[in-house]
Amino acid sequence: MSDLPLSSPPANAEASTSASANSPPLDTSILLSSEEISERRSVADKWLKPNGPPVGVTFGARLLKDEDDVFNHNAWDHVTLPDDFREKAEEIMELHRSSPVAENLREDYNGRPAHYWNKFYSQHEAGFFKDRGWLRLEFPELVACSEPDAGPKVVLEVGCGAGNTVFPLLLRNENPELVVHATDYSSAAVKVVQVNKMYPRPDHGKGVLHASVWDITSKPVSTPLQTDTTTSRSTSMLSSLQTDHTSSSLLASVSSTASAFLEQAASALSLNNNDIASSPSASSVTTSSTADSTASSETPTYSLPEGITPGSVDVISVIFVLSALHPKEWDQAIHNLYTALKPGGLLLIRDYGRHDLAQLRIRKNRLLDPETPNLYIRGDGTRVYFFEKEELEKLLTATPGGGEDGERMFAVEQLGEDRRLLVNRKERKQMYRIWLQVKARKLAQSFQR
């Protein structure tokens, strides 16, 4: 990620001020009103803070130079890690590996991630979360969708949380043809978005927002007509038997027959308790309308949010989302995102990097599984993974399911490690935040099933 210098005042600002005192008065008739000036500013300009960096400056322009005193400021951007940093970090990692989460608790954390995120959002008010004002600097492509001349644009925010990406975007939006989809697999988070005063449209009336529950890792579940018919017939049979209180003897004589029938039906349909428990929620299930069980070649391999069709999205933002997944779920998640994007569409990712301060501060009994290093459980039960750049690159440049050798899903345009040094000047401490940032463009290929 490149850095551009902050803008500086005119070299002779004082002289120009003095000269203006002796100049003739300005013709005020040619001056623009504040409303006209505002109309001529781009949407990106409107994200600026009064004393913030100008448009075009990458986030993090305070660079630490050799001659600078590190304790002059609270934070430095794009720093170089000390020579002994990774060695010390590995010592902490070894402590994590020696005291993982108890084995009998792991299944619950992995099996009910939405449960813990629901608790998280239920315990925190919307004001607890900060809007992502840095989006203009790091992801200007997202903000560009809200410019007045952008034309029809569809944006998908995955893991929307309390809406701290979509609402800043809508607040400044000037594109009447902007459609934003906000999804999260926490129903509590989606409710926070839906009760916001800007949902489904901001007061200025430009753009529209749809919010829905969606599990990014969900797989399609086919429900052929034969399955529905057999299940309905079985349910009807049991219902008639159990509600006929006048025929207890008949019920006793046929109960074993009914039980055997149901067992055979369940076996034929490959339905068991594990299948039912692991099925995605109804909001994330993609069903097949065909009754021909032999048409397996047409069975979808993806699951998309409500209102999203394959190849319909211009930009997808996935901010601190992939880190909440188990590594076994990554492939399906990326496949779903790939399917939603248009050819040439852009995938924006920001997430935790390996040995980030948040990882080094984790206590014992938080590593979820010693065989899955760098995946942890926070105190609130939510999962968090810390990535290496190579892991994300491998996911994005993999061959699409069923594609030919040599094909790739994405062209990676940016894959950077954002390292920031935080300084506690009172205690003379130095701490390092490490984030990864990705911009990947979908290659122009035929859509996957």
Problem set entry | Label-point separation, ASP369 to LYS191 (7 Å along Cα→Cβ), nm | 3.1
Seminar exercise, completed: The rounded separation in angstrom of the Cα centers of the range 342-413 and the range 89-119 is 16
Problem set entry | Residues listed by number, the range 337-372, amide nitrogen under 15 Å from ALA444 label point at 7 Å toward C-beta | 342-346
For this session: Provide Rg over Rh for the range 93-210; use the alpha carbon set for both Rg and the Kirkwood Rh (inverse mean inverse pair distance).
Result: 1.11
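Can you tally the net charge around PRO152? Count Lys and Arg as +1, Asp and Glu as -1, for every other residue whose Cβ sits under 15 Å from the Cβ of PRO152.
-2
How charged is the neighbourhood of LEU368? Take every other residue with its Cβ under 9 Å from the Cβ of LEU368, and add Lys/Arg as +1 and Asp/Glu as -1.
For residues surrounding LEU368, the net value is +2.
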Problem set entry | Relative contact order of the range 351-431, defined on C-alpha pairs under 8 angstrom at six or more residues apart (%) | 21
Exercise. Want the number for GLU413 to THR80: 0.36 nm per residue separation, take away the alpha-carbon distance, what's left?
Worked result: 117.6 nm
For this session: Any of LYS394/LYS442; LYS197/LYS342; LYS153/LYS442; LYS342/LYS439; LYS389/LYS429; LYS88/LYS130 with alpha carbons more than 22 Å apart? Name them for me.
Result: LYS197/LYS342; LYS389/LYS429; LYS88/LYS130
Problem set entry | Nitroxide proxy distance, nm - points 7 Å out along Cα→Cβ at LEU357 and ARG41 | 3.1
Seminar exercise, completed: Between LEU436 and residues 5 or more places away or on another chain, the pairs with built amide H atoms under 5 Å apart involve ASP351, TYR352, GLY353, ASP418
Exercise. Points 7 angstrom from Cα along the Cβ direction at PHE320 and HIS115: gap in nanometres?
Worked result: 2.4
Exercise. Efficiency by 1/(1 + (r/R0)^6): what FRET value for THR397 and THR301, r their Cβ-Cβ distance, R0 = 25 Å, to the nearest 0.05?
Worked result: 0.85
Problem set entry | Efficiency of FRET between ALA102 and LEU48 - r from beta-carbon atoms, R0 35 angstrom, step 0.05 | 0.10
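Computed from the coordinates by the stated procedures, all read-outs in this text should not be read as laboratory data. Bear in mind that the values here come from a model prediction, so they are computed numbers and not experimental data. Positions of Cβ are generated from backbone atoms using ideal geometry, with glycine treated the same way; all protein chains shown enter the neighbour counts.
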